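Bear in mind that the values in this text are calculations on the coordinates, not laboratory data. What you are looking at is a predicted structure, and each value in this text was computed from that prediction instead of being measured. Glycine also receives a Cβ, built like all others from the backbone with ideal geometry; neighbour counts cover every protein chain displayed.
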Amino acid sequence: MGKDTLTELKVRHAMRKQLIVLGPDDTIDCCIQYLIKYKVNAILAGRYGEKPLGVVSKTDIMGAWYSELPLSTPVEMIMNSPPLFCRPDDTLDSALNTMKSNKIYRLYALEEGSNAVIGAIAYPDIVGLLYHYCSHCDQGLFNKRKEMEQDRVKRYKVHEIMTKKVESCQEDIALESVVEILSASRFGAILIVDNDNYPRGVISKTDITLCYRHGQDLSVPAKTIMSSPVALCYEQNPVESAIKSMIIEDLHRLFVIPENRQAVSGVISLTDAARLRSGSCHACISSRIRVDKN
Amino acid sequence: MKTTAKDVMATSFKTLRPDSPISEALEIFKTSKLDGKTIFGIMVTDKGGSIEGMISMYDVLLFLLPKHVKIWGNISDIEIEGIIDRIAGKLKNLFVGDIMTPKVISVTPDTHLMMVLDIMIKKHVRRLPVVSNGEAVGMVYISDLFNHLLERA
């Protein structure tokens, strides 16, 4: 097992402590409102102080819409049970390994010696920690001292860690088909392209949950609800600058294009960035870095 | 003499519907001044006037706040100028009902002023809707309540 920047760090160093817990009887409508308001991808269901019963994600909400469940359905009917847990003193490496082996995107931290949930950890939280690490490193791209001298550090580029398989569909396709594709995909969003394969917009699971709540018709064309323009970056951009853009603009992903501005060649998400498990330049390489492959 | 919510409540207030665009709420926050003061919370009602929730300055700010703000301390070149306009693209598909606070505590016109104050302090709220027969009839602002008490000092 290689040593990386996250070695020795614990879940409690990166976990978010703001927790939203729905009652099992709360409705899907209420759940969507909380997902949007608090910008989270999943919410626990259970009772405060007790071990949660399940977790409801945006994917579960999409499934509910596709199954034509009314918004008044209790979340208990669609939640995944039980949620997966970790402890605040578990290492971040072990938490990442648990997420990877179970193909899940978040873990909930139970207080030592009790069943009370005191935090949640997801890939973007780990990116936050890595970004913090880079910004305090002398080799950091945005370090003030670096501005005065030529940057000689070899940095990870977006194309080195991006996901090259990009799901896309045509802008006139029915929303129902988009829901089908996204339900079967591990991606949180799909690229919408025109007849020339030019990126026109993006439909995320968040957009779909909102459509459900707003009573949107599943037969409308994708272009009527897509978000545009598409947030893009270049293949040759340093990973650190892509992470900064995502953090500042509150985006989970950037679609990647080559310098000559042809069709989209990949997508980089905060999840991809977390796979680095280290800082984003090769200065880390000699002693610490370990790129976690897909 | 018993002093109640109806003695201090503002009876001139704007309301929004759950399916109103967020831009409408922002416009009210930006331009509307009721009783000579800027408002920071607007009641959201259904067609019959029943309260569905409340949208406050806090709800909008919560949405503006980037999710990973805890590491912003490391980023020195954040552009605050025009941040609301930049975020407008994300807000355009949202309705007031998507980010409002749905479970709102309310009082009746006959609720004693000290009970109103007790709720405001314990629940950390600065305004309370006043409801009569299921319909919103006014709003008690903590500043009006304070001024009312000062005048009777």
For the peptides A:76-83, A:201-208, what is the packing order when you average, over each peptide's residues, the other Cβ atoms within 10 Å and list the highest mean first? A:201-208, A:76-83
Summarise the partner chain shielding of A:244-251 as one whole number: the mean count of Cβ atoms from other chains within 10 Å of each residue's Cβ. 5
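Could you tell me whether region A:195-237 comes out rounded, prolate or oblate from its Cα gyration tensor? Rule is a ≥ b ≥ c as square roots of the eigenvalues, rounded for a/c under 1.5, then prolate if a/b exceeds b/c, otherwise oblate.
Values: a/c = 4.10, a/b = 1.89, b/c = 2.17.
Taking the square roots of the gyration eigenvalues as a ≥ b ≥ c, region A:195-237 is oblate.
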Estimated FRET transfer efficiency (A:Tyr38, B:Thr11; beta-carbon r; R0 25 Å; 0.05): 0.15
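Rounded, prolate or oblate for region A:157-274? Axes are the square roots of the Cα gyration tensor eigenvalues, ordered a ≥ b ≥ c, and the cut-off for rounded is a/c under 1.5. The partial results should precede the final answer.
On the way: a/c = 2.16, a/b = 1.62, b/c = 1.33.
Judged from the Cα gyration tensor, region A:157-274 comes out prolate (a/c at least 1.5, a/b above b/c).
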Among rounded, prolate and oblate, which fits region A:11-122 when a ≥ b ≥ c are the square roots of the eigenvalues of its C-alpha gyration tensor, a/c under 1.5 means rounded, and a/b larger than b/c means prolate? prolate
What percent do you get for the relative contact order of region A:11-122 when only Cα pairs under 8 Å and 6+ apart count? 32
A correct Karplus calculation of ³J(HN,Hα) over region A:168-177, with 6.51 cos²θ - 1.76 cosθ + 1.60, θ = phi - 60°, whole Hz and x for Gly and Pro, returns 9, 8, 6, 5, 9, 5, 6, 3, 4, 5
Extension gain, A:Ser245 back to A:Glu112 (0.36 nm per residue minus Cα-Cα distance, nm): 44.3 nm
If you take each beta carbon of peptide B:100-107 and count the beta carbons of other chains within 10 angstrom, what is the mean? 1
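On average, how many beta carbons from a partner chain sit within 10 Å of the beta carbon of a residue in A:37-47?
2
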